[in-house]
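Have a look at the structure below, then the notes.
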Number of protein chains: 2
Amino acid sequence: MSPELFVEVTRNGTVESQHFGAAVVCDFKGAVLESWGDIEKLVFPRSALKPFQAIGVVESGASDRYALGNAEISLASASHRGEPMHLEGVTSWLARLGLNQDHLACGAELPEDEPTARQLLASGQEPCRYHHNCSGKHVAFLTTALHLKEPVANYHQVGHPVQQMSLDVISDLSQTEIRNYPMGIDGCGFPAPAMPLVNLGIAMARFANPSELPDSRARAIRRIHEAVTDKPLYVAGHGSVVSELIQVTSGAILAKTGAEGVLIAALPRRGIGIALKIADGNARARPVALLAILDLLGALSAQEKHRLRAHINPEITNSQGLVVGEIRPAASWMEAR
Amino acid sequence: MSPELFVEVTRNGTVESQHFGAAVVCDFKGAVLESWGDIEKLVFPRSALKPFQAIGVVESGASDRYALGNAEISLASASHRGEPMHLEGVTSWLARLGLNQDHLACGAELPEDEPTARQLLASGQEPCRYHHNCSGKHVAFLTTALHLKEPVANYHQVGHPVQQMSLDVISDLSQTEIRNYPMGIDGCGFPAPAMPLVNLGIAMARFANPSELPDSRARAIRRIHEAVTDKPLYVAGHGSVVSELIQVTSGAILAKTGAEGVLIAALPRRGIGIALKIADGNARARPVALLAILDLLGALSAQEKHRLRAHINPEITNSQGLVVGEIRPAASWMEAR
């Protein structure tokens, strides 16, 4: 099955580029409600695993032991943009553990937030490991390792107990043993398991409504819902579709990006999970496709759509500041509605 | 006709992302020798028009009048990376015309060359119009306007005589009246005409072997061949597939990128032109696809392929510096060989 046309990029009304993809909508019982393209195809969820990877630090009791607040639990499941608030959150948390930057396994990375990146360079500094979008997840895994009295070294290697615990949680949520699928290495050094897209959708549906899961896990997930709804800017950052979706819908829709065109969303009240992959891995197409699906599901009010319009139908401006084109959902989404 | 699978991005050997596209190989008589996907589909060549846009400054006599050297003629057809050599070339040329940055219609842009961009910001400076990858093309059009005693104002607007002259040249080379197709505005403010992909291939074939064109135009094109072969780093920059292809093959293959996944190549000795468009507009896939086509055509020696291996099959490294994946031509290219 070929990927389906999801998103078009136009210039003065004529299509210039096209983004294809696959997507699935699941419920928390594991049923497929809607699908587009080949949902059995393997995807690497990459950072879209972070909501599930954040469960460990809560479920293990580490978050209570170290009195993590909502900002820290949000950072645990974040691909943050390296804004000052994120750096402050990560550094103070790490210091409270008695650890420092050298304990982080991720490499140094320029903040994704361009003003912060420019300011950093203009002040003569180099990016460091704190700036890496995954640094919150790394501190969370270190927190869990400390709490469980496991070594803090090599916490990012697949053989470490905190990683094995995490793979168990991911397998439980996705209703498949992900150790049976290929495993790569992520940008930050973490194991990067692959799974069929449909299982990622199921995992997000069970994250949306965890009532089928063991009590301790369900409680941990509800704690994460609460944290990210309270501190959505810590999950990604200003201007990001993830933070703005959570913010605008007051947590009725939770979302998380993954590298290479992955985007997932959870609708806790409806017990629905959505997983989509833009085949070419481009980031610009995924919010447009997700918002088209959310619109199809009737999940957004007119007011919410208005507030999210920059993600639904982004404008393209040129170096002179002129609007020269747009990114829009393909016509098929409109017809389906 | 759907786009064809051209390029795969893998992680630890498993496909993570896919790039689809269309491509055509034409000869200088206008015949299609090979094609993949829908070659009648409109594309915006964007900066891939620059080799043709550079013809005007030479054919009009402006380049002789202002004694342009090979570096300047290369810059006229360049999407340069904003390296110090490019900035020096553009600023000194503009000064020789008695003009300055305010005469450039393009907006300010950070240099594409990352070390230069970082250095610029670290020194507390802001990017300016010189840094825009199109600034050489802009100076070339200003040079032509001065030579022809046309106004220097609004030289980037479609109604200006130098633009109309340029559209004539592009129509001649592509064997189609491009004013009949949709026209957008480019990133730098220039008119951005669309045309069927096949016509872009024909234009590049006629650029490769201009013997069917009027003498003055053919001479101008051969002058451009000579300039870019002598100064390939001025057409793009260090590490770019365009500069390295020209350099490694000593001008047996000339190439030019366009925004949104366009890449064209000319083989002057064989009178062949190649045009390809990656449907999703991603830049990482186009060199891999072009080099697969060049290999199919037997256009590269083993030694040339060795020197170009970073473009044929790029490695993906993570923030720790580990190689975690690769970009490779889809299997279909291998089967076709």
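The values are calculated or read from the model by the stated rules, or taken from the named source; none is laboratory data. This one's a predicted model, so the numbers in the text were calculated from it and none came from an experiment. Every residue, glycine as well, gets a Cβ built from its backbone with ideal geometry; the counts of neighbours run over all protein chains shown. Only protein heavy atoms, including side chains, enter the accessible area calculation; ligands, DNA and RNA are left aside. Shrake-Rupley method; radii C 1.70, N 1.55, O 1.52, S 1.80 Å.
Restricting attention to segment A:109-156, which residues are within 20 Å of the chain's Cα centre (by Cα) and within 30 Å of B:E126 (Cβ to Cβ)? Answer for segment A:109-156, where residues must be within 20 Å of the chain's Cα centre (by Cα) and within 30 Å of B:E126 (Cβ to Cβ): A:E109, A:L110, A:P111, A:E112, A:D113, A:E114, A:R129, A:Y130, A:H131, A:H132, A:N133, A:S135.
In segment B:124-139 there is at least one residue that is aliphatic (A, V, I, L, M), closer than 16 Å to B:F190 by Cα and touching a residue at least 40 places away in the same chain (Cβ under 8 Å). Can you find even one residue in segment B:152-163 that is within 14 Å of chain A (Cβ to nearest Cβ) and among the small types (G, A, S)? Scanning segment B:152-163 turns up no residue that is within 14 Å of chain A (Cβ to nearest Cβ) and among the small types (G, A, S). In summary, A:S2 fulfils each of the numbered conditions (1) more than 7 Å from every other protein chain (Cβ to nearest Cβ); (2) not in a strand (DSSP E or B) with the single exception of condition (1).
Close contacts from segment B:226-254, counting a first residue that is closer than 22 Å to B:A283 by Cα and a second that is open to solvent by less than 50 Å² (accessible area, probe 1.4 Å) and at pLDDT below 95, with Cβ to Cβ under 7 Å and a gap of 6+ residues or different chains, come to B:G237/B:D113. Selection of segment A:151-160 for residues being open to solvent by 60 Å² or more (accessible area, probe 1.4 Å) and not hydrophobic (A, V, I, L, M, F, W, C) yields A:P151, A:N154, A:Q157, A:G159. Residues that are hydrophobic (A, V, I, L, M, F, W, C) and more than 12 Å from chain A (Cβ to nearest Cβ) within segment B:97-116 comprise B:L97, B:L99, listed in sequence order. Within the bounds of segment B:67-89, is there any residue that is in a helix (DSSP H, G or I), under 26 Å from B:D168 (Cα atoms) and touching an Asp or Glu at 6+ places or on another chain (Cβ under 6 Å)? Checked segment B:67-89: at least one residue is in a helix (DSSP H, G or I), under 26 Å from B:D168 (Cα atoms) and touching an Asp or Glu at 6+ places or on another chain (Cβ under 6 Å).
Among the residues of segment A:248-262, how many are away from chain B (no Cβ under 14 Å) and either under 15 Å from the mean Cα position of the chain (by Cα) or closer than 13 Å to A:P45 by Cβ (or both)? Number of matching residues: 6. Residues in segment A:173-216 that are part of a helix (DSSP H, G or I) and open to solvent by 40 Å² or more (accessible area, probe 1.4 Å): 6 in all. When the residues of segment B:1-38 are filtered to those that are among the polar types (S, T, N, Q) and surrounded by fewer than 23 Cβ atoms within 10 Å (Cβ to Cβ), the one that is nearest to B:R328 (Cα to Cα) is B:T10. The residues of segment B:307-333 that are within 14 Å of chain A (Cβ to nearest Cβ) and touching a helix residue (DSSP H, G or I) at 6+ places or on another chain (Cβ under 6 Å) amount to a single one, B:I327.
Selection of segment B:90-116 for residues being open to solvent by 20 Å² or more (accessible area, probe 1.4 Å), aliphatic (A, V, I, L, M) and not in a loop (DSSP other than H, G, I, E, B) yields only B:A95. Of the residues making up segment B:279-294, those that are facing another protein chain (nearest Cβ under 8 Å) and either more than 24 Å from A:R284 (Cα to Cα) or aliphatic (A, V, I, L, M) (or both) are B:A279, B:A285.
One residue stands out in segment B:117-130 among those that are open to solvent by 20 Å² or more (accessible area, probe 1.4 Å) and either assigned to a helix (DSSP H, G or I) or among the aliphatic types (A, V, I, L, M) (or both): the one that is farthest from the other protein chains (Cβ to nearest Cβ), namely B:Y130.
Of all the residues in segment B:39-49, those that are closer than 25 Å to A:I278 by Cβ and buried (at least 21 other Cβ atoms within 10 Å of the Cβ) number 7.
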